[in-house]
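Enquirer: One structure is given below, represented as structure tokens, and several questions about it will come after.
The values are calculated or read from the model by the stated rules, or taken from the named source; none is laboratory data. As the structure is a prediction and not an experimental result, all values here were calculated from the model. Note that we place each Cβ from the backbone using ideal geometry, even for glycine, and neighbour counts take in every protein chain shown. The protein model used for the area step is the full one, side chains on, heavy atoms only, and it has no ligands, DNA or RNA in it. Shrake-Rupley method; radii C 1.70, N 1.55, O 1.52, S 1.80 Å.
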Amino acid sequence: MTNENTTHFGFKQVAKEEKVQMVRGVFDSVAGKYDIMNDLMSFGIHRVWKRIAVQLSNVRSGESVLDLAGGTGDLTMLFEKRVGKKGQVVLADINAEMLRNGRDRLIDHGIIGNIRFAQVNAECLPFEDNSFDCVCIGFGLRNVTDKDAALRSMYRVLKPGGRVIVLEFSHPTDKLTEKVYDFYSFNLMPKIGKFVAKDEESYRYLAESIRMHPKQDDLKKMMENAGLERCEYFNLTQGIVAVHRGYKI
């Protein structure tokens, strides 16, 4: 349970003003091994999830995309191919270390002409109203302190006819998957984090944060409350991940 002054950090209750710093500490710690850990923890399936999310965005040549919680740039690279030279992608993240890793990675891939970088808080985006054709947040909404404020902010910067894409770990749709996923998340994932990233606690937090994230129907309702219309979601891998989509009409 939370009140006006507290929120959850994994399974712990913390003061709201403390959560941003605590999340920042997690991602400062894991930034250098983030891509390797994603491949190990998901057995590479995260790349398929991201491609599906980009396909569902219906982004076209010449459009503008805001990639929130863009991290090391996986989604930005996929969006960049779609928008082409006449379009633009803004890779944004609240964490400077993650953003630095993403920028360096894109430069190493020669992707520089139509990319901008911004260190931002999703709850109060510093962009003008009606700026983007698509706003995507991939595996980042669960770490936001005020998710409702973030969704309202995404809606504000979205152009009429634009769409919000939320790609996030979610809740399994059957009991067997749930049991296997729980065992993996709480017993194996932190140990992989300890061995590879030298940080067991950060990956324990990440597992806990997934369980505290709203269920699929609850997140759909939150998007509708933020003003988005025609909201729907697509379960991937038996609901371990879900893609939510909503439009600004």
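Enquirer: When residues of the stretch 232-249 are filtered for being among the β-branched types (Val, Ile, Thr) and either out of contact with any strand residue (DSSP E or B) (no Cβ under 7 Å at 6 or more places or on another chain) or in a loop (DSSP other than H, G, I, E, B) (or both), how many remain?
Expert: Residues that pass the stated criteria total 3.
The rows are residues; the columns are (1) polar (S, T, N, Q); (2) touching a Leu at 6+ places or on another chain (Cβ under 6 Å); (3) at pLDDT below 95.
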{"position": "CYS134", "(1), (2), (3)": "no, no, no"}
{"position": "ILE137", "(1), (2), (3)": "no, yes, no"}
{"position": "VAL144", "(1), (2), (3)": "no, no, yes"}
{"position": "ASP148", "(1), (2), (3)": "no, no, no"}
{"position": "ARG156", "(1), (2), (3)": "no, no, no"}
{"position": "GLY162", "(1), (2), (3)": "no, no, no"}
{"position": "LEU176", "(1), (2), (3)": "no, no, no"}
{"position": "ASN187", "(1), (2), (3)": "yes, no, yes"}
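Enquirer: Restricting the first residue to the stretch 64-82 and requiring it to be more than 10 Å from GLY102 (Cα to Cα), which pairs with a second residue that is assigned to a helix (DSSP H, G or I) and among the polar types (S, T, N, Q) meet a Cβ separation below 6 Å and a spacing of at least six or different chains?
Expert: Cβ pairs passing all conditions: ASP67/THR76.
Enquirer: Consider the stretch 186-204. How many of its residues are surrounded by 14 or more Cβ atoms within 10 Å (Cβ to Cβ) and part of a loop (DSSP other than H, G, I, E, B)?
Expert: Adding up the residues that qualify gives 1.
Enquirer: If you scan the stretch 105-130, which residues turn out to be within 14 Å of ALA69 (Cα to Cα), part of a loop (DSSP other than H, G, I, E, B) and either open to solvent by less than 30 Å² (accessible area, probe 1.4 Å) or among the small types (Gly, Ala, Ser) (or both)?
Expert: Selection gives VAL120, LEU125.
Enquirer: Follow-up question, since we're still on this one. Just to be sure before I move on: is VAL144 surrounded by 21 or more Cβ atoms within 10 Å (Cβ to Cβ) and closer than 28 Å to MET222 by Cβ in the structure I sent?
Expert: yes
Enquirer: When the stretch 76-97 is examined, which residues are found to be aliphatic (A, V, I, L, M) and open to solvent by 10 Å² or more (accessible area, probe 1.4 Å)?
Expert: MET77, LEU78, ILE94, ALA96
Enquirer: So, one more: Would you check which residues across the stretch 154-185 are under 12 Å from LYS248 (Cα atoms) and open to solvent by less than 10 Å² (accessible area, probe 1.4 Å) and list them?
Expert: Matches in the stretch 154-185: MET154, VAL157, LEU158, GLY162, VAL164, ILE165.
Enquirer: Looking only at the stretch 55-88, which residues are of a type in the set (Ser, Thr, Tyr) and farther than 16 Å from ARG245 by Cα?
Expert: Passing the criteria: SER61, SER64, THR72, THR76.
Enquirer: Go through the stretch 1-61 and tell me which helices (runs of 4 or more DSSP H), entirely inside it, have 2 or more residues that are modelled with pLDDT under 65 and either over 19 Å from LYS194 (Cβ atoms) or open to solvent by less than 70 Å² (accessible area, probe 1.4 Å) (or both).
Expert: Passing ranges, in order: 16-30.
Enquirer: Would a scan of the stretch 171-179 turn up a residue that is of a type in the set (Val, Ile, Thr) and under 24 Å from GLU80 (Cβ atoms)?
Expert: no
Enquirer: Filter the stretch 62-90 for residues that are under 12 Å from ILE137 (Cβ atoms) and not in a helix (DSSP H, G or I) and give the result.
Expert: Within the stretch 62-90, VAL65, LEU66, ASP67, LEU68, ALA69, GLY70, GLY71 qualify.
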